[in-house]
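Inspection log for the structure reproduced underneath, given as structure tokens.
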Amino acid sequence: MSTWMAPGTQGLDVSAWQSTVDWQGQWNLGGRFAYIKASEGASYTSSTFSQQYNGAASVGMIRGAYHFALPPLSSGSAQANFLLDHGGAWTGDGMTLPPLLDIEYNPYSSLGDTCYNMAGSAMVNWIRDFSNTILNRIGRLPAIYSTKNWWDACTGSNGGFGANPLHIARYSTSVGSLPTGWSTNQIWQYSSTGPFAGDSDAFNGSYQDLKRFATFADGQGAILEKSDSSPDIYLVSGLTKYWIPDWVIYQLYAKLSPLETVSATYLDSVVRGPTAGRFMRSPDGTIYYNDSGKKFYIPTCSMMADFGGGSCANFVTLPDNQINAFTDGGTLSNAVQTASGRQYYVSSQTVREYFDVASLTAAGLPSAVTTLSDAAMVLFAQSGAPIVRPDVIIVRGEDRSAFIYSQGQAIPVPVSINNQNVWSRSLTAGLLDGLSIGQIPQGPSFQGLVSNTAGTAKYLVNAQGTFILSDASQWPNNFVVFSDNLISSLPSQGTLGTPAYIKKDGVPVVYRYANAAARSVPSWSSLLQLNMGSVPVIASLTPAVADSLTTLPGIQLLASQVVSTTNPTVYVVNDVDKLVPVEDFAVSSELGISGYTRTVPAALSPYSIAAAPLTPVITCNSRQYLGRSSMIVALPATASTAQLPTTSLSPSTCLAFALPAAGAATLSQQVFVKSTTAAVVYELERGTKRPFASWSALIAANGGNPDVVIAVYGGAALNPIPAGATIG
């Protein structure tokens, strides 16, 4: 018996001729695999197959089944199915060898010559039929056992089976030349006389290579391995090992195989390739990106470089069956959405957030989006401004701060903008992180005042839309620039004049806004008076905008009397900014003004105080009126009435009085005057006041009419007038 062993991993093949095999002894001798005959021709099955097949497995050997072909008896397909149905099936468990077709010299003279009386082409067709049937049923090609001489003679040196693993038979100390079509063999049957039972075989590679051959459909699959002397883990694929740098990458390939511990001698002998990353290459040269159990086709080398793989250089090579173990994720794109919803555009190993797909389109970038894990983005530095289309709402992910992005600026807006505004709800909102937003120039905060891009039109923006401001100088100079498209998309509500009337949403108080300050209007009647009797346009502002405006003490009731808590002087309110001193209630009473309101000094701070006190004669819109016992009468425009001291009131204040209607008759009598502090009655004449000596003289001056019209003035109004000659 021979004791010589061919180089490689040792094994054996047996049949019923070896009815009993000491499998433990074969293992101890170094045998690590075995092929066991399962079937022959169209009907024979080996009676010892099961016990031999299981016996080999029981000691840890990798085992497989072979079929002795008898082509004349039935088709290749029929005999392939016969083998698979009688123990020849394969599964990638790492312990099962692929089915083996034993196609060789005809041992039965009844079946013809060495080649079974078959022409080479017929033999090739039969073998092809057998091989394809096996492939279609189990997903891998069968191995072929033969000799060079038989193959060349009986197939016509056909070279079309190089993809099938070759089990070459040659009893010598070298494998010799191989049949046409094969450049290498997987197994060499080198002896029939020992050292192993049956025929002695050698697998062309290490035990780890043998495991790979048994595990993977192409016999070249990748296995995760570490040596018994180092914690470093490698993905060993074919003749190359790829170092696994971290747990994330390990997890990407963990589905391919369990981690095996091998000898340092073996692992050191394997050529080291690039560090394993997320890039995988199939045998046909197709490169994929590996993420979360999916493979993504990489269409260009530049895209691979964008994702950190170099220009189609840094990848691990995997067989098709292992590539196919990954779910097809489609084509990789530069635009990525992560599992948590983050959106990035990957370029040159950096990432920028993008707002939405429409933003990519607006920037002229491809709009296809690939969903990847968040871990896939960790390797990339975040750099550059985000990709954002105009006129959207950006929300900062960390604290939910909100911004309107327009004209290249991030304009801070209230977080409650969509609660307070109807128009903003039509704008697309999306999250970006603070790092991205920090790359965008930040504009002033939005406080309801906006300008068009040219600065030629200014607007007040409320919950519903825009008001054009007729005089923007009256408003705070904190206008932010909105794009013309954004402004035109907001509903227009007309023009807001000066003064403007505004209110806060949900609050009934109306404010008069002028000179960059808001003052509350005390009543509806006051509002009508201030707007000359008509209801003004009232802009309802969101709380955020309304609260941003400067406010001053409210407007006092027009034509009412007020007094400060720190000063006894009583005043009549004239318009929104003037106070007229009241010298004596007798004067205001004549005009129908009664009572007064006591208020704090601050409430009167917006008002200036007239130098002259209130008079019973008032001028409204260039006409004079006389207050007489709470009645207002119109005075004619005469030289006599022109002598009367008068208080000019604003048109708004005049509306607070019950003035005679336009066209009403004027007072036909002469008006005389007296002071509240004395009984003397005067006639005003040529800038002097002439006292009457007696009542009868007064009646005589009044044409004998005892119904004398006397205007009652405070002393301060009459005292400055020089006295003239006494009448009567």
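Where a number appears in this text, it was derived from the coordinates with a stated rule and is not lab data. The shown structure was predicted, so the numbers you read here are calculated from the model rather than taken from an experiment. FYI the Cβ positions are ideal-geometry reconstructions off the backbone, even for glycines, and counts take in every protein chain you see.
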### Message
Let's test this: bin the Cα-Cα distances of segment 29-139 at 10 Å from zero up to the farthest pair and state each bin's percent.
### Response
15, 44, 30, 11, 1
### Query
What are the residues whose amide H is under 5 Å from the amide H of Glu260, where those residues sit 5 or more places off or on another chain and H is modelled from the backbone?
Leu224, Glu225, Lys226
### Query
What are the semi-axes of the equivalent ellipsoid of segment 393-553, taken as the square roots of 5 times the eigenvalues of the Cα gyration tensor, listed largest first and rounded to whole Å?
30, 16, 13
### Message
Which residues among segment 19-53 fall inside the zone where the amide N is under 18 Å from a point 7 Å beyond the Cα of Ala78, along Cα→Cβ?
### Response
39-45
#### Entry: Cα centroid separation - segment 137-167 against segment 487-504, whole Å
88 Å
### Query
Under 16 Å from the Cα of Lys674, which aspartates and glutamates turn up, not counting those fewer than eight places away in the same chain?
Glu583, Asp584, Glu590, Glu683, Glu685, Asp707
## Note on the structure
Of all trypsin sites (Lys or Arg not before Pro) in segment 177-271, the ones in DSSP coil with at most 11 other Cβ atoms within 10 Å are Lys255
### Summary
With Asp320 itself left out, Lys, Arg at +1 and Asp, Glu at -1 over residues whose Cβ is under 15 Å from its Cβ give +1
### Candidate values [x] 26.6; [y] 36.0; [z] 28.5, label of the one derived for Kirkwood radius over Cα pairs in Å
[y]
### Message
Suppose we look only past 25 Å in the calculated P(r) of segment 9-215. What percent of the Cα-Cα pairs does that tail hold?
### Response
31 percent
### Summary
If R0 = 45 Å, then Ala362 and Asp284, at their Cβ-Cβ distance, give a FRET efficiency to the nearest 0.05 of 0.75
### Task
Could you please report the charge total around Val510, scoring K, R as +1 and D, E as -1 over all other residues with beta-carbon less than 12 angstrom from its beta-carbon?
+4
### Query
Excluding same-chain residues fewer than 8 positions from Lys578, which aspartates and glutamates have a Cα within less than 15 Å of its Cα?
none
### Message
Rounded to two decimals, what is the ratio between the C-alpha radius of gyration of segment 386-457 and 2.2 N^0.38 Å?
### Response
1.06
### Message
Using a Förster radius of 41 Å, what is the FRET efficiency between Asn54 and Ala375 based on their Cβ-Cβ separation? Nearest 0.05, please.
### Response
0.40
### Message
Strictly over 31 Å apart at the Cα level, which of Lys37/Lys295; Lys241/Lys295; Lys458/Lys504; Lys37/Lys294; Lys148/Lys226; Lys37/Lys255 would you flag in this model?
### Response
Lys37/Lys295; Lys37/Lys294; Lys148/Lys226; Lys37/Lys255
### Message
Rg/Rh for segment 222-332 to two decimals, with Rh computed the Kirkwood way over all alpha-carbon pairs.
### Response
0.96
### Summary
Here the gain from full extension of Ile710 to Gln251, 0.36 nm per residue of separation minus their alpha-carbon distance, amounts to 154.5 nm
### Of all DSSP beta bridges in segment 257-363, antiparallel share, percent nearest 5
75 percent
### Summary
Which residues qualify? For Thr453, with a placed amide H closer than 5 Å and at least 5 residues away or on another chain, they are Asp484
### Task
Apply the Kirkwood formula to segment 355-415: the hydrodynamic radius equals the inverse of the mean of 1/r over all pairs of different alpha-carbon atoms; give it in Å with one decimal.
13.4 Å
### Percent of Cα pairs exceeding the 16 Å cut-off, where the set is segment 154-270
67 percent
### Query
Under a straight-distance cross-link criterion of Cα-Cα below 20 Å, which aspartates and glutamates are reachable from Lys211, leaving out those fewer than 8 residues away in the same chain?
Asp13, Asp93, Asp201, Glu225, Asp228, Glu260, Asp268, Asp320
### Extension reserve of the Thr569-Thr677 stretch, reckoned as 0.36 nm per residue once the Cα distance is removed
37.1 nm
#### Entry: Scattering profile of segment 561-718 at q = 0.08, 0.09, 0.12 Å⁻¹ [log10 I(q)/I(0), Debye over alpha-carbon scatterers]
-0.24, -0.30, -0.53
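What list do you get for Cys301, Cys312 if you sort them by fewest beta carbons within 10 Å?
Ascending number of Cβ neighbours within 10 Å: Cys301, Cys312.
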### Summary
For Ser640 and Arg425, extending 7 Å from Cα along the Cα-Cβ vector and measuring point to point gives, in nm, a value of 6.9 nm
## Note on the structure
In deg cm²/dmol, rounded to the nearest 500, the helical mean residue ellipticity at 222 nm of the chain, built from -39500 (n - 2.57) for every DSSP H run of length 4 or more, is -4500 deg cm²/dmol
## Note on the structure
Diffing segment 52-57: the Karplus 3J(HN,Hα) column from phi (6.51, -1.76, 1.60, θ = phi - 60°), in whole Hz with x for Gly and Pro, holds 6, 5, 6, x, 4, 5
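Could you please rank Met5, Met304, placing first whichever residue has the fewest other Cβ atoms within 10 Å of its Cβ?
Least to most surrounded, the residues fall as Met5, Met304.
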